[in-house]
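Asks: For reference, the structure I am asking about is given below.
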Amino acid sequence: MRIDILTLFQDMFDGFLNSSIIKRARESKKVEINIHNIRDYSVYNNKQVDDTPYGGGAGMVLMCDPIFRAIDDLKKDNSYVIMLTPQGKTFNQECAIELSKMEHIILICGHYEGFDERILSIVDMELSIGDYVLTGGEIAAMAVTDSITRLIDGVINKESYENDSFNDNLLDYPTYTKPRVYRNMEVPEILLSGHHENINKYRQQEKIKNTLKKRPDLLEEKNHEKI
Ligand code: 6GU
C-alpha cells in the first residue's frame, strides 16, 4: 500500500510518521507514506498556491494548478484520490476497511478558507473526519492514514482488530489488567475463571451492553448501511 499526502505543512507529519505502529509499518515496508509539499508544484511567482476568492469574501482559496500538477505527477491507474474537507462523507471504520484494500491512495489536505471547486473534477471522494472544523486537512489525513495502516495485513495482530469497536456496529468489550483489585474495584470474576467459552459469551454481552449505554445510535437500523 502506498499513500501520498499533499499538504502545505509537511512538518506536521514528522511525529506521526516516526512513532509507534506507523513507524514500524513503514520500516517493514507494509506501507509507503510520502509527504509532498503542494508549494513544490507551483509554477507561479514566489511559489504561490492560493489566492483571493472570486466574488469576494474572507480568506484565501487553494488554486487549481498546483494540485492538478501534483495529481498529474502522482496518479497511476490504480490510484484513488481523496480530498480532505469538512464537506466530505464522514469517515468511519467501514470506510477504513474499504480503503485498506487499495493499492494507492492520494490524500489532498485542504487549507485556508477553502479550495477552488474545480479541483473536485480530479477527486474520487471527499472525506471528513467529523462535524467540526479543523484549520486544515492535515490532522484528518493523519487520522485516515493511521486507521487504514493498522488494517493492512501484518501491521498488527489480526486478533487485535477482530474485536475492534465498530465491527458489527458494536463497541469493544471492557478489558482489565493487573492488579486484580485496585482501590476496591475488582476485575469481573468470570475473566479469572479460565473458561474461554463463558468468557467469550460474557464479552459478547458486554459489547452489546456497552453499545446500548454509550452509543445506542449504532444499533439503529438506519446506521447499518454499507458505504
Ligand atoms: Cl477533512 N478538514 C477540515 N479542515 N476540517 C475537518 C475535516 C477535514 N474533517 C472534519 N473537520
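Asks: Take I105 and tell me if it is touching a strand residue (DSSP E or B) at 6+ places or on another chain (Cβ under 8 Å) and in a strand (DSSP E or B).
Replies: yes
Asks: Suppose we keep only residues that are over 35 Å from the mean Cα position of the chain (by Cα) and among the polar types (S, T, N, Q) within the stretch 171-225. Which one would you say is least open to solvent (accessible area, probe 1.4 Å)?
Replies: S193
Asks: Same structure, new question: Which residue out of K209, K178, K213 is assigned to a loop (DSSP other than H, G, I, E, B), more than 30 Å from Y80 (Cα to Cα) and free of Cβ contacts under 8 Å to residues at least 40 places away in the same chain? Break it down into steps so the answer makes sense when it comes.
Replies: Details: K209 fails: assigned to a loop (DSSP other than H, G, I, E, B); K213 fails: assigned to a loop (DSSP other than H, G, I, E, B).
Result of the check over K209, K178, K213: K178.
Asks: Please count how many residues of the stretch 94-105 are more than 16 Å from the ligand (Cβ to nearest atom) and open to solvent by less than 40 Å² (accessible area, probe 1.4 Å).
Replies: Count: 2.
Asks: Looking at (1) touching a helix residue (DSSP H, G or I) at 6+ places or on another chain (Cβ under 9 Å); (2) surrounded by 12 or more Cβ atoms within 10 Å (Cβ to Cβ), find the lone condition where R2 falls short.
Replies: Of everything listed in (1) touching a helix residue (DSSP H, G or I) at 6+ places or on another chain (Cβ under 9 Å); (2) surrounded by 12 or more Cβ atoms within 10 Å (Cβ to Cβ), R2 misses just condition (1).
Asks: Only residues that are part of a loop (DSSP other than H, G, I, E, B), closer than 21 Å to M142 by Cα and not hydroxyl-bearing (S, T, Y): list them for the stretch 1-60, please.
Replies: M1, L8, F9, N18, K29, K30, V31
Asks: Further question: Using beta carbons and a limit of 6 Å, which pairs, at least six apart or on different chains, have the first residue in the stretch 108-134 and over 9 Å from P86 (Cβ atoms) and the second one near the ligand (Cβ under 10 Å from one of its atoms) and in a helix (DSSP H, G or I)?
Replies: Taking only residues 6 or more apart or on different chains, the pairs are C109/E138; C109/A141.
Asks: Let me ask something else. Could you give me the residue pairs with C-beta distances under 6 Å whose first residue belongs to the stretch 63-88 and is assigned to a loop (DSSP other than H, G, I, E, B), whose second residue is surrounded by fewer than 15 Cβ atoms within 10 Å (Cβ to Cβ) wherever it lies, and which are 6+ apart or on separate chains?
Replies: Final answer for the pair search is M63/D51; N78/E103.
Asks: Also, quick follow-up: Tell me the residue from I122, I108, I139 that is within 8 Å of the ligand (Cβ to nearest atom) and of a type in the set (A, V, I, L, M, F, W, C), please.
Replies: I139
Asks: Residues of the stretch 134-170 being assigned to a helix (DSSP H, G or I) and more than 14 Å from the chain's Cα centre (by Cα), which ones?
Replies: Residues satisfying the conditions are K158, E159, S160, Y161, E162, N167, D168, N169.
Asks: Test G130 against the criterion of being surrounded by fewer than 17 Cβ atoms within 10 Å (Cβ to Cβ), within 16 Å of the ligand (Cβ to nearest atom) and not in a helix (DSSP H, G or I), and give yes or no.
Replies: So G130 passes the test.
The values are calculated or read from the model by the stated rules, or taken from the named source; none is laboratory data. Note that this is a predicted model, so its numbers are computed, not measured. So basically every Cβ, Gly included, is an ideal-geometry build from the backbone, and we count neighbours across all protein chains shown. In case anyone asks, the SASA skips ligands and DNA or RNA and just uses the protein heavy atoms, side chains included. Shrake-Rupley method; radii C 1.70, N 1.55, O 1.52, S 1.80 Å.
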